[in-house]
Structures are given as C-alpha cells and as structure tokens.
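Visitor: Could you have a look at this structure, given as structure tokens, before my questions?
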Amino acid sequence: MAGAGGEGGAGGEGGAGGAGGEGGTGGAGGMAGAGGAGGMAGAGGEGGMDIDCGDLALSDAPLVALGDAAWRLEAELPPGAGRAVGTCGGAGAELVVPFTAPSAGVYTLTTVGAPTAFDSVLHVRTTCLDADSELGCNDDEGGPQSGLLLPLEADQTVLVFLDAAADAGGPVGLTILGADASEAPTLAAVRALRSPAGVHLFVEGADVNGDAVALGVAALADGDVRGDEVSVDLPPAFGQRAFRGAAIGLQLAPEADAVRVRARDRAGNISDFRDVAIVVQPRPGEGEPCDLAGVEDRCADGTVCLAAEAGAACSGSTPPTLLGGHVWRRGADLTAAIDGEDATGDARALRIQFLGADGPIPGAEAVVAPLEDPQGRLQFTLLIRQPGIIPAGATGVRLWIRDARDLESDPSDFAFEPLPVRARGEACDPLRVRDACTAPGSCPAGDAPVCVAPQAPVVQRAEFFLSARRDVLGVRIVGTDPDGDVTGMAVRILDFGGRDILNGPNEPAAIPFDRLAQADGAFDGAVLGELQPGFPQFDRIELAAVDAQGLRSAFVVAVPGEPVPRAADERCDFSGLMDFCPEHTACLDRAFDGDFTCASATPPVLVEANAWYNPRNEAFALRLAGTDVDDDVQVLEMLLFDAQDQPFYFGGPDAITPVRLRFFELERANGAFVGTRTSGSPQGMGDVVRARFWVVDRAELRSNPVEVLLQAPAEVGLGEPCDPAAAMNVCPEGTTCDARVDGGPICVARVAECPMGTLTGDLNAHPLDGLRFEVEGDTTGVAPADRGSCGGGGVRDVWSFTAPAAGLWVVQTTLADPAADTVMYARRLCNFPDSELACNDDDDGVGFNSALQLQLDEGETVYVFVDGFVGLFGPWQGPYTLTAAPGF
C-alpha cells in the first residue's frame, strides 16, 4: 500500500502522495508518506496509496505548508449536483482533499476565511465511498463557514470533503492546523472603555488550535466581582491562531471600575483571567480624527463624526449655504436648479415658501426632496421638479436648504423665470428641469438629447407584492419606452364586483415611481404604499405605465410576485419587499447615488436611550440615538421590567422575547441615527419601571442593549417646545401642545378661534332660505392639515357655523362627482382635535357624501372641517357643496 522504506517501513494507512512514493532512506510519498527511520513524506513519487473515489472529484491542488504545522489549500468546487452528503448536510457540489497527519495530535480543519463565499459543509471520512466511515461533520461554525477538530494518529490519512450546503459552490479555501493537544487560548491584550451605551471591550489573543469562540466577562469593583459573568461570542475566527474580538455596550454593574476577562475555545478550554481597568471613552473635539462607529471614541457634544477624503473627523453642526440658482415656472409646475455647499455633507431637501405681491402666501409652504440625493457631497446642485405645486397669485419663492439635522441655510428669494420650451430637434434636458419640449414631444436621455415626437410606453410584465402583515403594497412594472421618459404608473385595484377601490369610476391618476431604472429604451419601476387599516379585499390589480407627456400604456393585470434572492454586490430593492439580500448583508446605497446593492453590513451601536411614561393618559414615549456606518437602522426591540425586575409579557406568560416596534420618526445620516416613538402604553403597564432597548438594521444585525429607568414627564411652560402625546413632557393646565403653529409643537392657550389664515369662511354668511345655509367650496390646492377621528388628513376647508336656534343641526356635503370622497368633522375649538363633536366619512355607507348631526345651543359656534379621504396613494381633493339645516 506504500513504497518500502528502511526500518521505518511503510506509509501504511497514513501514506499519501502523488502517483506513488519511492521509499528509501529519506522516505517518499505525499504529505506524510514515511521512509527510513520515519522521515517525513516528500512531494510525491511512485508507490503511494491509491484512493478510490469513483466519480467524486478528487483534488489535485496541493496543500501548501505555511510553517509550524499549518497548511492551506485554495480550489474551486467543480460544477454538478452533490453525490456525497455528510450527516450534517452537504447536498451541493463537493471536492475531496486527502490529508495525512505527520504526527499524532489534534487537527483543526476550517473553511472560514477567503475565498470561501458560499455556505460550506465539512465532513471527513477514512474511506472515500463509505459514508459510515465518517469521523466528523460540521455545517456552520459561527457563520455560514464550517470547522472541525479531529484527533488523528501519526501517518493517518483522512479524506476531507469540501462541500456546499445546497448551491453549486465556487472558490473555496481549506485551512488545517496541527497541535499536540487541544490547548486553551491565551489573552495578549484587553481594553475596556466606558461610554453612554455601556462598556466597550476589545481583546487580542492567540490559540494554537485556532478554535477560540467566546469571552467570559465579569465586572469588578474595588477588586471584587459584581454580578454574573457575561458570555460574549467572538467573531468567526475558526482556524485563525491569532484572534481579535469586541463586545460593544456591555451592561455591567454601575459601580464597576474594572473587568475580568477570559477566553473559551470550542473544546471548552478556558484561558487565564485578565483584569483591566475601565477607562472613559475618548471625546475628540472638532477637527480631530474620530471613529465613525462611535465605539473607539465619541465626538464632543455639538459635533458629529463625518467621513471625509482625509479620514473621518469630528465636525461642528454647521448649516448648509445656499449659493444661488434658478427657479422656473410653466403654469402651476415648478422646476429649480439650486447650488449649495455644506461642510458636513448632509444636505437633503429644499424648503419652499411661495411669495405673492404682498409677501409670503399663508399656508403655501412645502419641503421637497431633490431628484438626486446630495448626501455626502460638500458641493452640490439640487434639481427640483414639482408639478402643480404653484398656488394662484404666486410670483416667486423663498428657499432654504435643509440638512439631515434640520439645520437650514439663510433664505434666498427667487422670482419665477419662464421655463424655456424647445422645438422638435433642439437640444433639451432629459430631466425636464431646465427646459421642456413643445407638446407633444419628449426628451429621451442619451449622449446628445433632443426633442422628439413622443411614443407611449409598453408594459411587458406587471407584479404586485404584499407584506406579511398586509400593511404595505408594492407594485412593479417592467417594459419598454423608446423616449426614455417614463415617470410613473396608473394603478387600478378592483374589488370582486369590478369596482376600482382606489379611484372609483374616474380614470386613475399617475403615481410617480418610488424606484426607477431606465436605460436603452427599457424601464423597471416600482411604487410602494401603506394600506389603510381595514383596506378591503381585492380581486385583481391592473397597472399601466405613464410617461412625461401623459401618454399611457395599455393596462396589464399584475400577478403576485415572489421576492427573489440577490447575490452580494447585486442591485436590490431597498424596501426588502420585492427581493432580499444574502445573510449578513443589507440593501445599501454606499455611494449615496440612489444605486442600492447587497453589501456587507455592520451592526449598529446604540449610544443613548430615553423612555418616558405618563400614567395619567397612559402615554409612552422613547428616543434612541446611536451610530451606524451603514445608515440602515430599521426597527427597535424592547423589553420592559416591573419593580420586582420581572419582564412585562407582551405575548402571554411565556413570551419573554423582546417586542419589535417601528419608529414613528427615524433620522439616519452620516453614520448617526435618532429614532422616536410615542404611543399609548401596553395594557397593564402601570407597574413597569425599567426598559431595555436594541436597534436592528436591514441585515437583521442587532445592536448592543441599553437599559434605562422610565422617566415621568416634566412640565414645560407656555410657548415652550412640547410633546403632543404628553409623554415626554406636559403643558401647564389650560394650555395644550400644538404642532401646527410656527415653531411647533409648542404649548399654546386653548382658544376657540382658528389661527389667522386658516378659516375658509363663515357658513352663516351664505343663507339659502329660512334657517338653511349653503356654500360652494373646493379643497383643490389647499395646504394639508390634521385629521378627524374617523379619517381625513388630506387637504381641507374650515367653515365656522353659529346655530341661530337651539336644537339638532345637520351639516352635510353634496358631491357632483360620484368618485369624490369627503371626510367631515366638527370641533368646538378650531385648532384642537380633542374638542371634536362629531366625525363622519360616508353618510349612507354607499356614496361618499359626509354628514354630521350636531346638538347645539342657540348662539353656539362650531368649526366644520371639510376634508378628503386619504387613499393608498394620496388624498381626495375637489369641489363640494356644504349645507347646514335644522334636523328632525
């Protein structure tokens, strides 16, 4: 079975080699063929062991010696379905690698590390085609890679199966380490930093077996251990003799002044203890280098760590600067190109105040996002396109550039310039910002775009996607458009009677795409929308593409879509509804250019948490802040504890896992995030005194936990900023927190009258006959506002009405358009939703008129709001007739 040697004899079962090893004094064979008195095997030769693996792929790549009993092989799994499966899996492609142990000991085998980029499985046999000869099998070892520890005898040959869990595999790496025994790891360096998020721990160590897997951490105070030891997993390092690890935000005893650390390996061996003092996390000042993750250090108050070409540095909170630009008008459509700069690189939007002949037009304000996100750029041009936004009487605009921290530039006023109109064949702007083509005409993108005759788009495929909770709907169309000017889609959602739930009998409106890829005459666009609570069941969805000229394709029935898996570095859907990224990656826009791809993700760090509870109104609020280099924090997780330190059970007595919640407001930019949530408290929360929080990103990576005591809301004064939910703070008696006033939300006095400029008119000034009053109204173009208890929240008119006599009064809308849909509500105090008397959406449950029955005293004044139903893709607005008459 092996070439003959001297007294040291044969390679036997341990022999390995190339075509055969020739014995002799020096011995021959593969990695462990023996000769003479026991010399190590040579590189190959004749007379070695024949390995029968049938049609299984046997590796011909060498195991390269790295020195000190370490070897490395890099190869490629051959194509084809797997024919050898281990007891722990491995149904994909495989490659068989022979290995002969040069001496007795414990051997570590692992695929951890480049270039293995797929979910691998390792299994080891003594006989290639005999599954019962398996010595060990491992699928995942601290991640999708695999690792095994095997005791082997000197000259023992084993067959290592490099396998794929399910797919075809690809490039793979195998590392083998040898040691005399399974030895404990050692710790070389330990650091501990105290931060608002907890204690950050950093360790470096070594392990001859390369199987260190975890740390044990205990708090020390004056040399005594306080509390239980905490176990912290090390990052996947199986097969690496040198390791590093970090534990972020450890929640240790508050009085702890040091930590005691030890390392543990996969075999259960434990290192010696290392005690190290906890030092305060450095606070670099403005202009000094900093850690974007906020772990190694944390910028001084008033500054933030920002990335720059010279490296990340702490920067002050400086507002953007508006340098100049142009604002064009074509009818009610506005476009603009505004130049600016921002030292912190976080400009994000433009605030617009429309101006008339007498100055600012009350209520005519908007915050709009540019066509291209300037985030991360120090100098930029904001390109704005907002159709139908200019109100009647406007002559210009006042503009501010706003950044991610809501800091604004100084304002600049611009008079409207007429938008240039290009004839067919003339050069034009494909973005339709700086000019437009003569109708009918379009400006397809290209090297030298010119105005051409328009052509309607064609839809080739239409799909819809529903979230698991049916609260988010995504629709997607793929097609062709020679003009390259598709801008949105028309949507019909039809019930089982064929009625369009969204639009009624009217033609559906064009809805801008949330995501659009358009090139070479092809397009792929998607729209996402939240479904209102109680949204009716539907029979089918029909979609059409709409272009910039108003041309529309034929409607196509959308089919249910299945989210598709994406590979690393592949383009992806940022919502996660239409596709999903591999494990440990997320759909990120690394270059801030709107191009989302599946990229390796970094866990967020929760730096600060606050929680408030007001038992008087059972309002609960929280505010979480931290750092996240990926800017993809998505949700929060929370556990609550009572005064006896027992967890609050959200899902029954056995549900002690954290509850997952959405933020109501979430700001993410430049590696930092702030998220808030205010809501009613869970039932029975009165005994809760403590909360533990985490944040979770798109890749399902979880932050460190932060624990806080629940705070009682403080009282703030009249005119001061406040929390409308009265959870974080409360206003004085007789006042209320109003978010709809300039500078709001602030505490304001409770008065009945409407704020200046918000009252549409007096219904009593429009008598019809006797005690009947009637007026024609139109909510088109009115600024958005709050909502009633039964709906609304779109645009609305406000009419005052004073009862001429005591009794029941009926106030109702009449709608000429059968698809019109009002929501109406009445209040005693115009600006205060809690003074609502009545609210109605659809009066008879079939049509879309609204009616209120109000019991009023003679001379009593109420404020009647005519609002619009807010559908999946926006609010209704339009003309109506409002009538008030005595009820019977």
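The values are calculated or read from the model by the stated rules, or taken from the named source; none is laboratory data. Computed from a predicted model, the values in this text were never measured in an experiment. Here Cβ is always computed from backbone atoms with ideal geometry, including for glycine, and neighbour counts include all displayed protein chains. What goes into the accessible areas is simple: the full protein's heavy atoms, side chains included, and nothing from ligands, DNA or RNA. Shrake-Rupley method; radii C 1.70, N 1.55, O 1.52, S 1.80 Å.
Visitor: Can you tell me the relative contact order of region 554-636? Whole percent, Cα pairs under 8 Å, sequence separation 6 or more. Don't skip to the answer; put the middle values down first.
Guide: Numbers: 128 pairs, mean separation 17.2, N = 83.
Computed value for region 554-636: 21 percent relative contact order.
Visitor: Given a 1.4 Å probe and the protein chains all in place, what does the accessible area of Ser271 round to, in Å² to the nearest 10?
Guide: Ser271 has an accessible surface of roughly 10 Å² with all protein chains in place.
Visitor: Whole number in Å², please: accessible area per residue of the chain, 1.4 Å probe, ligands, DNA and RNA not counted.
Guide: Averaged over the residues of the chain, the accessible area is 45 Å².
Visitor: Additional query: Assuming 1.567 mPa s and 4 °C, estimate D for region 130-237 with Stokes-Einstein, Rh taken as the Kirkwood radius over Cα pairs, in µm²/s.
Guide: Estimated via Stokes-Einstein, D reaches 74 µm²/s.
Visitor: Using all alpha carbons of region 175-236, what is the percent of pairwise distances in each 10 Å bin, ordered from the shortest bin to the longest?
Guide: 17, 45, 27, 10, 1
Visitor: I'd like the distance between the alpha-carbon centres of region 229-289 and region 803-824, rounded to an integer number of Å.
Guide: 68 Å
Visitor: What does the net charge come to around Leu252 if you take all other residues with beta carbon closer than 12 Å to its beta carbon, with K and R at +1 and D and E at -1? Don't jump to the answer; show the numbers that get you there.
Guide: Details: positive: Arg194, Arg226, Arg260; negative: Asp228, Glu229, Glu255, Asp257, Glu707.
Cβ neighbours under 12 Å give a net charge of -2.
Visitor: If you take the charge dipole of the chain about its Cα centre, with +1 on Lys and Arg Cβ and -1 on Asp and Glu Cβ, which of Gly794, Ala117, Phe496 is farthest toward its positive end?
Guide: Gly794
Visitor: What residues have an amide H closer than 5 Å to that of Glu417, excluding those fewer than 5 places away on the same chain, when H is modeled at 1.01 Å from N in the peptide plane?
Guide: Under 5 Å from the amide H of Glu417: Val327, Trp328, Arg329.
Visitor: Moving on. What are the principal axis extents of the Cα atoms in the chain, in Å, biggest first?
Guide: In descending order, the Cα extents are 126, 74, 54 Å.
Visitor: How large, in percent, is the carbon and sulfur part of the accessible surface of region 717-845 at a probe radius of 1.4 Å? List each step's numbers first, then the result.
Guide: Working: 3230 of 6030 Å².
Roughly 54 percent of what the probe reaches on region 717-845 is carbon or sulfur.
Visitor: Right, here's the next one. Could you compute Rg(Cα) / (2.2 N^0.38 Å) for region 223-308, with N its residue count?
Guide: 1.38
Visitor: Can you divide the C-alpha Rg of region 354-399 by 2.2 N^0.38 Å and report the result to two decimal places?
Guide: Compactness ratio reported: 1.38.
Visitor: Next question. Find, to one decimal place in angstroms, the Kirkwood hydrodynamic radius of region 725-812, where the mean of 1/r is taken over every pair of different Cα atoms and then inverted. Provide the component values of the computation, followed by the final result.
Guide: Details: mean 1/r = 0.0630 Å⁻¹.
After inverting the pairwise mean of 1/r, the radius is 15.9 Å.
Visitor: Binning every alpha carbon pair distance of region 698-772 at 10 Å from zero, what are the percents per bin?
Guide: Using 10 Å bins, I get a P(r) of 16, 27, 19, 19, 12, 4, 3, 0 for region 698-772.
Visitor: Provide the percentage of antiparallel DSSP beta bridges, counting only those with both residues in region 543-603; round to the nearest 5.
Guide: Taking every DSSP beta bridge within region 543-603, about 80 percent pair in antiparallel fashion.
Visitor: Between region 564-636 and region 451-522, what is the separation of their alpha carbon centroids in Å?
Guide: Measuring centre to centre over Cα atoms gives 27 Å.
Visitor: A follow-up question, please. Taking every DSSP beta bridge that has both residues in the chain, what percent is antiparallel when rounded to the nearest 5?
Guide: 95 percent
Visitor: Answer with one residue from Leu407, Asn670, Leu292: the one whose Cα lies farthest towards the positive end of the charge dipole of the chain, charges on Cβ with Lys, Arg +1 and Asp, Glu -1.
Guide: It is Leu407.
Visitor: Can I ask one more? Could you work out the pair-distance distribution P(r) of region 55-162 from its alpha-carbon pairs, with 10 angstrom bin width and percents rounded to whole numbers?
Guide: 14, 51, 32, 3
Visitor: Let me ask another. Could you tell me the center-to-center distance, by alpha carbons, between region 101-158 and region 390-405 in angstrom?
Guide: Region 101-158 and region 390-405 have Cα centres separated by 66 Å.
Visitor: Can you give the translational diffusion coefficient of region 246-381 in µm²/s, computed by Stokes-Einstein from the Kirkwood radius over Cα pairs at 37 °C and 0.692 mPa s?
Guide: Answer from the Stokes-Einstein relation: 165 µm²/s.
Visitor: Could you tell me which of rounded, prolate or oblate describes region 497-631, using a ≥ b ≥ c as the square roots of the eigenvalues of the alpha-carbon gyration tensor, with rounded for a/c under 1.5 and, failing that, prolate when a/b is larger than b/c and oblate otherwise? Before the final figure, lay out each step's value.
Guide: On the way: a/c = 2.42, a/b = 1.31, b/c = 1.84.
Verdict is oblate for region 497-631.
Visitor: Can I ask one more? Evaluate the relative contact order of region 141-236 (contact order divided by residue number), counting alpha-carbon pairs under 8 angstrom at least 6 apart; express in whole percent.
Guide: Reported as a whole number, the value is 21 percent.
Visitor: Which value results when the Cα radius of gyration for region 714-863 is divided by 2.2 N^0.38 Å? Numbers along the way, then the final one.
Guide: Values: Rg = 16.8 Å, N = 150, 2.2 N^0.38 = 14.8 Å.
Cα Rg divided by the expected 2.2 N^0.38 Å: 1.13.
Visitor: When Lys and Arg each count +1 and Asp and Glu each count -1, what net charge do the other residues less than 9 Å away from Leu636, Cβ to Cβ, add up to?
Guide: Net local charge, Leu636 excluded: +2.
Visitor: How high is the relative contact order of region 211-341, in percent, counting Cα pairs under 8 Å that sit 6 or more residues apart?
Guide: 16 percent
Visitor: Another question, then. Using a simple charge model, +1 on the beta-carbon of Lys and Arg, -1 on the beta-carbon of Asp and Glu, nothing else, what dipole does region 361-447 show about its Cα centre, in debye to the nearest 20?
Guide: Magnitude of the dipole: close to 240 debye.
Visitor: Could you pull out the GluC sites (Glu not before Pro) across region 266-364 that fall in loop regions by DSSP (anything but H, G, I, E, B) with no more than 11 other Cβ atoms inside 10 Å?
Guide: The qualifying sites are Glu309.
Visitor: According to the square roots a ≥ b ≥ c of the eigenvalues of the Cα gyration tensor, what is the shape class of region 340-487, taking rounded for a/c under 1.5, prolate for a/b larger than b/c otherwise, and oblate for the remainder?
Guide: oblate
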